[in-house]
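To keep things clear, I will list the structure first and then write my remarks on it.
The values are calculated or read from the model by the stated rules, or taken from the named source; none is laboratory data. Owing to the predicted nature of the structure, the values given are computational and were not obtained by experimental measurement. No Cβ is skipped: glycine too gets one built from the backbone with ideal geometry, and neighbour counts run over all protein chains shown. For the accessible areas, the whole protein counts, side chains as well, though only heavy atoms, and no ligand, DNA or RNA atoms are used. Shrake-Rupley method; radii C 1.70, N 1.55, O 1.52, S 1.80 Å.
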Amino acid sequence: MIYIANWKMHGNPRDIASLNPVIKLTKQKKYRNLKIVYCPPYTLLDLMKNKIKNSKLKLGAQNCHTNSDYGAFTGSINSKMLKFIGAKFVIVGHSENRNFGDSDFSINKKIKSALKENLKVILCIGETLNERRKKITKKVLKKQIENGLSKIKEFNNILFAYEPRWSIGTGLIPKEKDLAKNIKDIKKILISSNKKLKNAKILYGGSVNPINVKEIMKIKDIKGLLIGGASLNSKKFIDIIKKSIN
Ligand code: PGA
């Protein structure tokens with residue numbers, strides 16, 4: 001299992017101390033092999049890198065620019081800079097960024113630039129409420145996957161996070177049978193787009209909490225969780241981790 005803690009636009013230097021119990025957890029035999037990736041805002045990457053340097057935790061960023069070269073892009077950060085600061089992962093195509101102009105085309109460029117720097121990509125895909133109502137979820141997922149992966153030939157460093165956009169931050173999660181179907185569809189789309197994606201890792205994200213995690217984990221093909229709000233509270237985060245494997 002892999003757990004991605006997405007802090008979004010939260011956190012100050014003093015909040016780094018909240019990682020202590022999580023670091024402690026990963027020292028226990030039972031939890032030693034879990035992969036836990038913290039994705040703080042850019043401003044905390046360096047501090048967090050120092051905090052986790054002797055632990056099993058890994059560092060990730062929440063986004064990157066389409067361009068992997070340096071350039072005149074005020075306010076932006078590229079994959080080269082992320083690698084330099086010690087990030088090993090980057091979230092690409094998060095729905096909160098799709099809402100603000102990220103397209104499948106720009107997402108494809110971001111993935112390519114991240115792979116060029118040997119970062120692992122967490123590609124977020126998912127339908128809006130409207131698309132779900134129109135019953136075009138599968139079509140939307142297919143378009144996001146195929147266009148997002150356009151002209152990419154190696155997939156070892158790409159993880160897929162299924163995040164229904166209506167589920168993020170709302171407290172709502174899909175019904176078990178819908179979630180099972182969508183994960184199955186994603187698997188099929190991945191395999192039909194490239195055989196190398198047969199064993200691609202699929203994560204779930206959207207309102208994961210200690211109460212609903214067991215229900216989500218009933219879907220056997222879910223190999224990880226992308227956790228937003230609940231990852232800010234280490235007690236809740238640890239609770240999710242424990243409940244997801246017990
Ligand atoms: P949430 O966010 O857990 O707060 O719904 C999930 C995400 O970051 O995608």
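Couple of notes before you dig in:
- Lys135 assigned to a helix (DSSP H, G or I), open to solvent by 70 Å² or more (accessible area, probe 1.4 Å), more than 24 Å from Ile2 (Cβ to Cβ) and away from the ligand (no atom under 16 Å from the Cβ): no
- Residues of the stretch 205-219 classified as of a type in the set (D, E, K, R) and either buried (at least 19 other Cβ atoms within 10 Å of the Cβ) or out of contact with any helix residue (DSSP H, G or I) (no Cβ under 9 Å at 6 or more places or on another chain) (or both), total: 0
- Screening Lys196, Lys235 for residues that are more than 16 Å from the ligand (Cβ to nearest atom) and open to solvent by 30 Å² or more (accessible area, probe 1.4 Å) leaves exactly one candidate, Lys196.
- Of all residues in the stretch 116-128, those satisfying the criterion of being outside any loop (DSSP other than H, G, I, E, B) and closer than 19 Å to Leu203 by Cα are Lys120, Val121, Ile122, Leu123, Cys124, Ile125.
- Note on the stretch 175-193: residues that are of a type outside the set (A, V, I, L, M, F, W, C) and within 16 Å of the ligand (Cβ to nearest atom) amount to 1.
- Residue count for the stretch 63-102 under the criterion of being open to solvent by 40 Å² or more (accessible area, probe 1.4 Å), polar (S, T, N, Q), closer than 27 Å to Ser207 by Cα and in a loop (DSSP other than H, G, I, E, B): the result is 1.
- Filtered residues of the stretch 200-231 (kept if part of a loop (DSSP other than H, G, I, E, B), within 14 Å of the ligand (Cβ to nearest atom) and β-branched (Val, Ile, Thr)): Val208, Ile211
- Hey, Leu172 open to solvent by 40 Å² or more (accessible area, probe 1.4 Å), within 16 Å of the ligand (Cβ to nearest atom) and more than 18 Å from Ala5 (Cα to Cα) or not: yes
- Where a residue in the stretch 73-101 is over 17 Å from Ile145 (Cα atoms) and its partner, wherever it lies, is at pLDDT below 95 and buried (at least 17 other Cβ atoms within 10 Å of the Cβ), with Cβ under 7 Å and at least six apart: Asn78/Ser68; Ser79/Ser68; Lys80/Ser68
- Matching entry among Ile168, Ile189 (being of a type in the set (A, V, I, L, M, F, W, C), assigned to a loop (DSSP other than H, G, I, E, B) and in contact (Cβ under 8 Å) with a residue 24 or more places away in the chain): Ile168
- Looking only at residues of the stretch 140-167 that are out of contact with any Ser or Thr (no Cβ under 7 Å at 6 or more places or on another chain) and more than 15 Å from Ile191 (Cα to Cα), we find that the one that is farthest from the ligand (Cβ to nearest atom) is Lys151.
- Residue within the stretch 2-10 that is open to solvent by 20 Å² or more (accessible area, probe 1.4 Å), more than 17 Å from Ile158 (Cβ to Cβ) and not charged (D, E, K, R) present: yes
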